[in-house]
Every structure is written in C-alpha cells, then in structure tokens.
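Okay, so here's the structure we're looking at.
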Amino acid sequence: MKIGIVCKGEGGVDYHRLIKPFSLMTEHDVTRCEGVSEDMFDYNFDVVVFSRILPIKKQKEFIQELQKRGTYVICDIDDHWILSSNHATKKIGDAFRKYSIDALMYADEVWTTHEVLGKEVGRLNNHWHVIPNALDPNEPMWQPKKTYSNRIGWAGGITHFHDLMLTDGCWGDTTPVICGFNEHPEWIKLSDRFKADYINALPVTDYGLLYDQFDIAIAPLEDNKFNTMKSNLKIIEAGMKGLPIFVQNIHPYTDDAKGIFKVNDWATSLQEASNMETESIKGYGTELRRYVLDNYDINKVNKLRTERLK
C-alpha cells in the first residue's frame, strides 16, 4: 500500500502522530510529504494521512481532488479545533477552526486520541476511530532514568503557561524543574513570574531526555473544554521514563494505575510529592512504566493503524 503522510515540520504532534508511527510500518510504502503540492497527485497514493489541517488555502478542493483520483484521505486530530480563550495562539483561532472543520468534514475518516474527542468529531464526521497516543520504548530517550535526586518537574511547551500557573504559590521550599524553555516571549513572562530551575528545550527526537532532570512529574491542567479534549500524553511520557506523576483530576487524566496521583489541591499534593522517599518513587515509577508498556507501546498501537488501513 502506498501511503503519503503530510508533515509541516518537526513539531511534536507530527512526530508522535505521523512521523514516528509510520516509520515503523515497514510493510507499507510510506512517503513523507513536506507540505502539499499538485505533485502529490502523481504519486497515486492509496492513502494520505495528515494532522489537523492541510497547509493549503484551498484545502477542501485539494482533498476532493485526491479522492477523485482514488486516494483515501485520513485526518488525524489530537485536540479540539476551538481554542481556549487564553490559548497562546488564540489570534489564529478563527482560521484554525474553519480549516479544521473543513478537514474533518471532507476527510474519508478521522483518527483521534480518545472517545470524548471522538464524539465531538462525530458531529462533523461519523467515520472516526480512536488511535491513542503512544511512545516507542526502544528509543534511547524513553529508557528509564537511573539516578535520582528527588526533584519534581514538568516538561512541555509554552502553550501550558496557564496550566503551570495553577501551581504558583504551592511549592513551599521546593524549587520545581521546568523543561522546554526557549526565548519565546511567553516563556520569558513565565520565568519572570514563576520561580523554577528552567532547562532549555530539546528537539522532538530527544525531548524525552528532559525527564531525566527530575524524578516526579506533574501535569497541571486548567479545567476548560479545550483542555479536557487533550490526550494523556504526559502520563505516557512519565511512565515510559519510569517516573510517578501527579495529574490534574480531570479528563484526559483518567488512567487508573499505580504511580498516577490525582490532584484536587496542588499545595497539598506537592507537599506529598516532596515528602516521597526515593524507594517509593522508584517503586511507583516501575509500576507506571509497566502499565504504559502494556497499554501505550507504539508497536502495539500501530496494530490499530494497520487494521484501519486494510
């Protein structure tokens, strides 16, 4: 089967949802397309898969032309198309929503990360299927950490500015580790307001190594519709590294496994985390890694993709 995956760069979403999983599907002839052009029509793809939207103004027409030529078009979407009011990229919200809706409506089918988002997609396209996020345990960056310093930390992008601020004033004498820093103005604003040890970002192919900077992970998340449509990737990342994680007690953090601690009050939970002994940290991390390997190993999840491509 000839498959085209449309990537817009080396962003995290493209990497996790397209680049990495399809690189492991060696039974298919997979071509990575950097953006879109009419040259794609000459490849005679059986299937084209893209994330969220196609980077072209006449997206609907492009999808229809692919379909006219016998190509099956799949839109993969990992979060909601209506951005929260304080989202860092809210200024592009109207255009993003319009193109996302067109992509969802005109694709032959949609892949998404969980049932809750799938039901939202179903209002636009009944042909949706859950393909959960997953990681490759064979990648060097996802090997369990080996040394411990009992530090608490977080890794991610600046769109989580308001999520991180939920923990502001809750740390007591503990200094958190915040990984993913760059010179984006929002990061500068956060570092001016929020006392932490800031660690620079790494490329998406190495960012799992940031989890070596701490021993207990956190995942604060503001309670709004956009955030509840996100995936449980933070749990998967921490678990793959063998770290326990404290998560906001809202969807998407609904996994129930040892090593996952649900948070209703960050001051109380961060005190609990800071008091955790090293052996307990190791034990909870080992249990969570076992759970993640059972449920979110990309080699297992790829079987779902293969089934959909038959």
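Ranked by the mean number of other Cβ atoms within 10 Å of their residues, highest first, the peptides 259-266, 101-108 fall in the order 101-108, 259-266.
Past 27 Å, Cα to Cα: identify those pairs from 2/230; 2/68; 20/262; 8/98, in the order given. Distance filter (> 27 Å) returns 2/230; 20/262.
Summing Cβ point charges (Lys, Arg +1; Asp, Glu -1) relative to the Cα centre of the range 164-253 gives a dipole of roughly 260 debye. Solvent-accessible surface (1.4 Å probe) assigned to residue 83 amounts to roughly 20 Å². The range 87-157 and the range 203-222 have Cα centres lying 17 Å from one another. Residues whose amide H comes within less than 5 Å of that of residue 30, counting only those at least five positions distant or on another chain, are 3 (H built at 1.01 Å from N in the peptide plane).
With the convex hull constructed from alpha-carbon coordinates only, the range 36-181 shows a mean projected area of 12.4 nm² over all directions.
Farthest towards the positive end of the charge dipole of the chain, among the residues 64, 31, 221, is the Cα of 64, using unit charges on the Cβ of Lys, Arg, Asp and Glu. Cα centroid separation, the range 265-310 to the range 12-29: 22 Å.
In the range 108-158, how does Rg compare with the Kirkwood Rh, expressed as the Rg/Rh ratio over alpha carbon atoms? Answer for the range 108-158: 1.21.
What the phi angles of the range 17-33 give under the Karplus curve with 6.51, -1.76 and 1.60, with θ = phi - 60°, is a coupling list of 9, 10, 4, 5, x, 6, 5, 8, 8, 6, 6, 10, 8, 9, 10, 8, 9 Hz, glycine and proline written as x.
What percentage of all Cα-Cα pairs in the chain are separated by more than 34 Å? Summing the P(r) of the chain above 34 Å gives 24 percent of all pairs. With θ taken as phi - 60° and the Karplus curve 6.51 cos²θ - 1.76 cosθ + 1.60 applied, the whole-hertz 3J(HN,Hα) list for the range 65-72 is 5, 4, 5, 4, 8, x, 8, 8 Hz, x standing for glycine and proline.
Extension gain, residue 146 to residue 225: 0.36 nm times the residue separation minus the Cα-Cα distance gives 24.7 nm.
Between the Cα long axis of helix 278-295 and the first principal axis of the chain there is an angle of about 20°, rounded to the nearest 10. The residues of the chain expose on average 45 square angstrom of accessible surface per residue, using a 1.4 Å probe on protein heavy atoms. For residue 194, the shell of other residues with beta-carbons less than 13 Å away shows a net charge of -2, using +1 for Lys and Arg and -1 for Asp and Glu.
From helices alone, the chain scores -9000 deg cm²/dmol at 222 nm; the rule is -39500 (n - 2.57) for each run of n ≥ 4 DSSP H residues, then divide by the residue total. A Cβ-based charge dipole, computed about the Cα centre of the chain with Lys and Arg at +1 and Asp and Glu at -1, lands at about 480 debye. Here the relative contact order of the chain, from alpha carbon pairs under 8 Å that lie six or more residues apart, stands at 16 percent.
The values are calculated or read from the model by the stated rules, or taken from the named source; none is laboratory data. This one's a predicted model, so the numbers in the text were calculated from it and none came from an experiment. FYI the Cβ positions are ideal-geometry reconstructions off the backbone, even for glycines, and counts take in every protein chain you see. Note: accessible area is taken over every heavy atom of the protein model, side chains too, but ligands, DNA and RNA are not part of it. Shrake-Rupley method; radii C 1.70, N 1.55, O 1.52, S 1.80 Å.
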